[in-house]
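These notes concern the structure reproduced below.
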Amino acid sequence: MRHLLLTTSTLPRWENDPEPRFVLDLARHLTDRWQPTLLAPGFPGAAAEERLDGVRVVRYAYAPTPAWETLCYPGAILSRLQANPWLGLLVPGLLLGLRRAVRRELRGRPYACVHAHWLLPQGAVHALGFRRRTTPPLVITTHGGDLSLDRLAAVRALYRIILRRAAAVTVVAPSLRQRLHALEPRLSEEKVPVIPMGVDPEHFHPQRRRDDWAATQGLRHPVVLFVGRLVAKKGVDILLTAFSRLALTPTGVTLAIVGEGPQAEILRLQAETLGLAARVRFLGALPHDALCTAYASCDIFCAPSVIAGDGDMDGAPTVLCEAAACGLPLVGSALAGIPLVVIPGHTGYLVPPGDPAALAAALATLAADAALRRRLGQQARAHVRQFAWPAAADRFNALYEQVIAVTRGAGYCA
C-alpha cells in the first residue's frame, strides 16, 4: 500500500479535542487505500509521533522549547497572530520546522503524493522549498481563510507561484475557485476541482439528542445553535443583534454559542448590553462527543458568516454539514460554500450576509413552526449524505491517482 503525506496546521491535539478534525477524518477514510501520515505543528506536551484514530501523526518542533510552541493552538494561526502579534516571532521557526520535517519524511518513506492543507504555510513550504522533479506530486487544498491575505500584493505574487507549481489545487466551494482564477487566470478548470470536506452522518445523528440537554445549559426550546471560532468572519455579532429582535417575539427562543476565540469577551459584553443575558449561553469549546450531543439536542442551526474587514471569510463550514446530519434546519449567509448545504425552502433559509433583520426573520419563521423545523431538518440530513466522508475520500483518491499518473509521465517515480 502506497504512502500519502498530508500536512496541516489544524489538527486535534488528542482524542476528543475540540480542534477541527476534518484533515484527520479525511486521512482516516483513506486508510483502506493508502498509508497516510499527518504532519502537524507541535504544542506543549505533544508526542513527536503517535496514532490518532489509527492514523500515524507526526508533530514537528518549531521553537527552542516545546513550551513556546503556542502559535497554532487553540484556534487558527491568523486569529492568534491578530490577538497577539508577538507570536509572529515564531513564524520563521514554523516554516523552517515544517520544511525540515517534510524533508525528513520524504527521505524516510516512499511517498507517492503530498497533500498540503492551506496555501500558507503548508502550500508555500512544499511548493517553494522542494524541487518538483525530485519530490512527489503536490495537491493543495485552500479552505478560504488563507485567501484573505490576497489583498497584499506580495502575497498575491507568492500565491501565483504556489498555484503554478502545484499539480492540483482543490477548493471547498465554487466561489473560492473564482478567486483563484482571479489570482491566476491560466489555471484550468481541471486543475482546480471543488471538493468540500466531508461529514460522518452515522456519528452526527439525531439519535444523540438528549431531552434534558437544554435545561442543563440554562436554555429552553426552541434553541438556536451556533458553533465556530469567535472571530469576525463568523458574524456572531450580527446573530446577537438579530436575536435581540427575536427576544421581542412570543416564541421564547434561546441561543447557545459554542466556541472560543479572540472576540469572546466582546460578544459577551454585547449580549449583556442588548439585554440577552437570560436567553444566551456561551458554552465555550466542547469536546467532539459533547458537540454531537449539542447539535442533536438543539432545534435550529445558524451560520451568520460575513466577510471580515480584513477580507477573511469562511469557505464551506463543516459545522453546517454536522448540524444537518443531526437533523437540524439551517439558516446561513448567502456566502462562499454555505449555499451548497443551505438550500432555501428545502434544508433551511439563506439570508444576505450582515443583515440582522433578514436573519431575525428567518430564525423567527423556524422558531414558530415545529413541523417546519422537523421537515427541513429531515431534508437537511438527507441532503448532506452526498458529503459523507467515503464519497469525499473517493474524490480525493481519484485526484491523487490522476496527478500521480501525470507526474509519472513527466519523470517522477516514488
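When +1 charges are put on Lys and Arg Cβ atoms and -1 charges on Asp and Glu Cβ atoms, the dipole computed for the chain relative to its Cα centre reaches about 1260 debye. Proximity of backbone amide H atoms, modeled 1.01 Å from N, is registered between Tyr62 and Gly42 at under 5 Å, excluding neighbours fewer than 5 places apart on the same chain. Rounded to the nearest Hz, the phi-derived 3J(HN,Hα) couplings of the range 333-340 under the Karplus curve 6.51 cos²θ - 1.76 cosθ + 1.60 (θ = phi - 60°) are 6, 7, 8, 6, x, 4, x, 5, where x marks glycine and proline.
Per residue, the convex hull around the alpha carbon atoms of the range 2-45 comes to 74 Å³. Using the Cβ-Cβ distance between Ala215 and Ala48 with R0 set to 56 Å, the FRET efficiency works out to roughly 0.80.
Hey, what's the Cα Rg ratio for the range 206-386 versus the globular rule of thumb, 2.2 N^0.38 Å?
Working: Rg = 14.5 Å, N = 181, 2.2 N^0.38 = 15.9 Å.
Compactness ratio reported: 0.92.
Karplus-derived 3J(HN,Hα) values for the range 150-167, using 6.51 cos²θ - 1.76 cosθ + 1.60 with θ = phi - 60°, are 6, 6, 8, 4, 5, 5, 4, 5, 5, 4, 4, 5, 4, 5, 6, 7, 6, 6 Hz; glycine and proline are entered as x. Annotation: amide H of Thr170 within the under-5 Å range of Ile140, Thr141, Thr142, sequence separation 5 or more or interchain, hydrogens built in the peptide plane.
FYI, it's all coordinate maths here, none of it is from the lab. Owing to the predicted nature of the structure, the values given are computational and were not obtained by experimental measurement. Cβ sites come from the backbone with ideal geometry, for glycine too, and all protein chains shown count toward neighbours.
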